[in-house]
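Before any comments, here is the structure.
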Amino acid sequence: MPVSDHVNLEQFMEGVKKRNPGQTEFIQAVHEVSQDIFGFIEDKVQYHEAQILRRIAEPDRIVSFRVCWEDDNHNIRVQRGWRVQNNNAIGPYKGGIRFHPSVNESVLKFLAFEQTFKNSLTGLPMGGGKGGANFNPKGKSDAEVMRFCQSFMTELYRHIGPETDVPAGDIGVGGREIGYMFGQYKRITNRWEGVLTGKAIEYGGSQMRPEATGYGAVYFLQNMLKHQGMDVEGHTAVISGSGNVATHAAEKITQMGGKVLTLSDSGGFIHDPDGIDQEKIDWIKHLKNVKRGRISEYVDEFKGAEYHDGKRPWGIAADLALPCATQNELNEDEAKTLVSNGVKGVSEGANMPTTLEGVKVFHDAEILYGPGKAANAGGVAVSGLEMSQNSERISWNQERLGDMLTELMEGIHEKCTEYGSTKGGYVDYVKGANIAGFKKVADAMLAFGVV
Ligand code: NDP
């Protein structure tokens, strides 16, 4: 069949919209990837005939379930939980669990779809999945979080396993939540196995896992800069978020000789012209992980800093920008502001933080722009290494894992340049990541025939 007889991008997207009504985040993610894949497969009949892209954009399975728990006042509370198993062509489903009131099926489908390409890019044998619940851990006691996690795992355990699906953390799910969920899995199944990653070192976690996503995003940025003869050292950076990814990105920028000017949370952002150094980052980690406070408290502790209530940090002039909070947190106007303020490189610690219009601004201005699926892949890559260590019942030291993370991020950067380099020397990292991620999954699916 001639290629011209197949649907074009517009017709394909019409179908996606019809089949997924109202799922804006999912449609946005599929659109972003499909733009590049359609160009790549134009003359590759085998992918068209096997409907590969359509199959990747239809999750293998979505499990949705009730999560019932009791709060400290003995009220019965009901939440909804999900696990989206998108694609396991190249390995067991793998992807985080998010607890946030904004979680819905569209958000998890977009994340599981993106994860499929990201995991492929790492070169490790991992498929794509994502899960979560519309539960808000903010303001809950430890006992409430524990009861919620236990109830969540009481249903989830039957859908996951070390060879089937291996969840990890994400927004609202850190070491505490992973501990409660792992404990419940073990209690129900009577098996100690590497079914979750992001565990603490004492019970099978990997060195470098907490740091991996944020550090990896900075390594990716460093690779992009080096490719153009530049460096992180001596440059200023604006960062959003103040969770796991943001604080570790800030730490690595500082270690490399850069100066971090901002961090944020959902309330607003702080701007510290003196730079947010290691001592200040440690204070923020304690504030967020132990005291579970708000970023606004920073200005009471560190003089010279300002808090901007209800605002995002993209108006502060800087050489580098790292969105590390959540999806769609950097829009077209904010991208234009960053460009007019002279930003040189953008590396996404979060998943899909820049809107499609914002990405276009970066591309049109030929700014170095590392999309989340490449730039933040260090987290899942070290999760993959945690799985290997659990399977072999061994543990590697920090130095070895640090070297492996550095190499993995270099490898991802190389794959992006292989498929994303343009004639003028500019690298379209979105295109490079999409095509490299797609090709491996697609070829595996072709090998399986129609299943
Ligand atoms: P955390 O829960 O540790 O931190 C999230 C941060 O983002 C907090 O500062 C939070 O503020 C802020 N935030 C959350 N929602 C919003 C919102 N709607 N508007 C503004 N700020 C918001 O999560 P992580 O650091 O783990 O994850 C951050 C991003 O990185 C997510 O996109 C995640 O998918 C992605 N990611 C994470 C990986 C990991 O290893 N953890 C791996 C790869 C990607 P507040 O405290 O006020 O809610």
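Computed from the coordinates by the stated procedures, all read-outs in this text should not be read as laboratory data. For clarity, every value in this text was computed on a predicted model and none was experimentally measured. Methodologically, a virtual Cβ is constructed for each residue, glycine included, from the backbone with ideal geometry; neighbour enumeration extends over all protein chains shown.
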*Where in region 101-115 does the amide nitrogen come within less than 19 Å of the point 7 Å from the Cα of HIS31, taken along Cα to Cβ?*
105-115
*Long-range amide H contacts for THR236: which residues qualify at under 5 Å (H placed 1.01 Å from N, peptide plane, sequence gap of 5 or more or a different chain)?*
LYS259, ASP319, LEU320
*Relative to the Cα centre, what is the charge dipole magnitude of the chain, using +1 at the beta carbon of each Lys and Arg, -1 at the beta carbon of each Asp and Glu, and rounding to the nearest 20 debye?*
1340
_Signed unit charges on C-beta, dipole axis of the chain, positive-most listed residue TYR369, PHE135, VAL218_ = PHE135
*Projected label distance in nm at ILE188 and GLN46, using a 7 Å step from Cα toward the beta-carbon*: 4.0
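Given Cβ point charges of +1 (Lys, Arg) and -1 (Asp, Glu) and nothing else, what value in debye, to the nearest 20, does the dipole of region 1-80 about its Cα centre take? Let's see the in-between values first.
Numbers: 10 positive and 14 negative charges, 75 e Å.
That gives region 1-80 a dipole magnitude of about 360 debye.
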*Using 0.36 nm per residue, how much length does the chain from GLU58 to GLU233 gain when fully extended, once their Cα-Cα distance is taken away?*
58.7 nm
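With the cut-off at 1.5 for a/c, could you classify region 75-217 from its C-alpha gyration tensor as rounded, prolate or oblate? Spell out each step's value before the answer.
On the way: a/c = 1.45, a/b = 1.28, b/c = 1.13.
Since a/c stays below 1.5, the shape of region 75-217 is classed as rounded.
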_Which residues among region 106-150 fall inside the zone where the amide N is under 19 Å from a point 7 Å beyond the Cα of ASP71, along Cα→Cβ?_
133-150
*Under a 5 Å amide H to amide H cut-off, with H placed in plane at 1.01 Å, what residues pair with LEU368 once short-range neighbours are removed?*
VAL346
*Rank by packing, highest mean first: peptides 265-276, 114-125, with packing defined as the count of other Cβ atoms within 10 Å averaged across residues.*
114-125, 265-276
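With runs of 4+ DSSP H residues as the only contributors, calculate the mean residue ellipticity of the chain at 222 nm using -39,500 (n - 2.57) per run, divided by the residue total and rounded to the nearest 500. Intermediate results must be reported in sequence, preceding the final value.
Values: 17 runs with 210 residues, N = 451.
Calculated from helices alone, the mean residue ellipticity at 222 nm is -14500 deg cm²/dmol.
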*May I ask you to compute the full-extension gain from LEU9 to ASN397, defined as 0.36 nm times their residue separation minus their alpha-carbon distance, rounded to one decimal in nm?*
135.0 nm
*Under 19 Å from a label point 7 Å along Cα→Cβ of GLU366: give me every residue in region 209-241 with its amide N that close.*
224-231
_Charge dipole (the chain, unit charges on Cβ, about Cα centre) - positive-most of GLY96, VAL67, VAL30_ = VAL67
*Dipole magnitude of region 371-451, debye to nearest 20 (Cβ charges: Lys/Arg +1, Asp/Glu -1, about Cα centre)*: 320
_D_trans [Stokes-Einstein, Kirkwood Rh over alpha-carbon pairs] for the chain, 37 °C, 0.692 mPa s, µm² s⁻¹_ = 148
_Gain in span if fully extended, VAL299 to GLU357, counting 0.36 nm per residue against the direct Cα distance_ = 17.5 nm
